[in-house]
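Reading through the structure tokens given below for one structure.
Any read-out appearing in this document is the output of simple, stated calculations on the displayed coordinates, not a laboratory observation. Everything numeric in this text was worked out from a predicted model, so none of it was measured. Positions of Cβ are generated from backbone atoms using ideal geometry, with glycine treated the same way; all protein chains shown enter the neighbour counts.
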Amino acid sequence: MITALAFYLFAAILIASAVMVVTARNPVHSVLFLILAFFNAAALFLIAGAEFLAMILVIVYVGAVAVLFLFVVMMLDIDFARLREGFQRYAPIGAVVGGILFLELVLVLGAWSFADQADDLRLSPNPGGGLTNAEAIGRIIYTDYVYLFQAAGLVLLVAMIGAIVLTHRDRPGTRRQNIGAQVARTGTISLEKVPVGAGVKELGIRRPPEPEAEAPKVAHDAGHHGHGGHH
């Protein structure tokens, strides 16, 4: 009885927080409701006997992903009014994509049915055979669904690369690190005895002369001497 009440309580809070993630106007509030949804989903996993999935959900999604979203939304100066300007223009495309996803969900749910051992497995969530939940999940993922698991990793990789490409901004005038120029150093490196306690104010910042900067100077000096000799 207590387990059933706890299940309905966490499920109701999960559904309400998921709705608030989509409907909240403030993006910070959306991320906070997302964290609340993750916690309630972890509680449902605990009730189902999948403590490994519950801990992974809390550690990975709440501890890393959701907190990262929160800091990104709070730290970036995003003009949300400007982002909403193109909503009506892209609304038909979004409606088509949403309709396709809804049709796929209907097809999946229509073809889904309970297994014959569902009642017995529901009453005993332990996988049996001396296996822990983590080992049982690992065997299923890396044996029966290993190709789908790798495909999901590729999809996430493509999404990460796409996000980097879309958000990358090439700002003019910024100085970037040139590792090749640092590694391929020209000239000799000499050892010099430096007095103890001598700092930059006394010794100065000593850098080797750049070869490309020396050539114009030599040419300028040569032209100057030649001009003087002409007079």
Given the Cα-Cα distance of Val97 and Ile140 and 0.36 nm per residue of separation, how much length would full extension add, in nm?
12.4 nm
Starting from the Cα-Cα distance between Phe71 and Ala48, subtract it from 0.36 nm times their residue separation and give me the gain in nm to one decimal.
5.1 nm
Which of the peptides 40-46, 98-104, 27-33 is most tightly packed, and how do the rest follow, going by the mean number of other Cβ atoms within 10 Å of each residue?
40-46, 27-33, 98-104
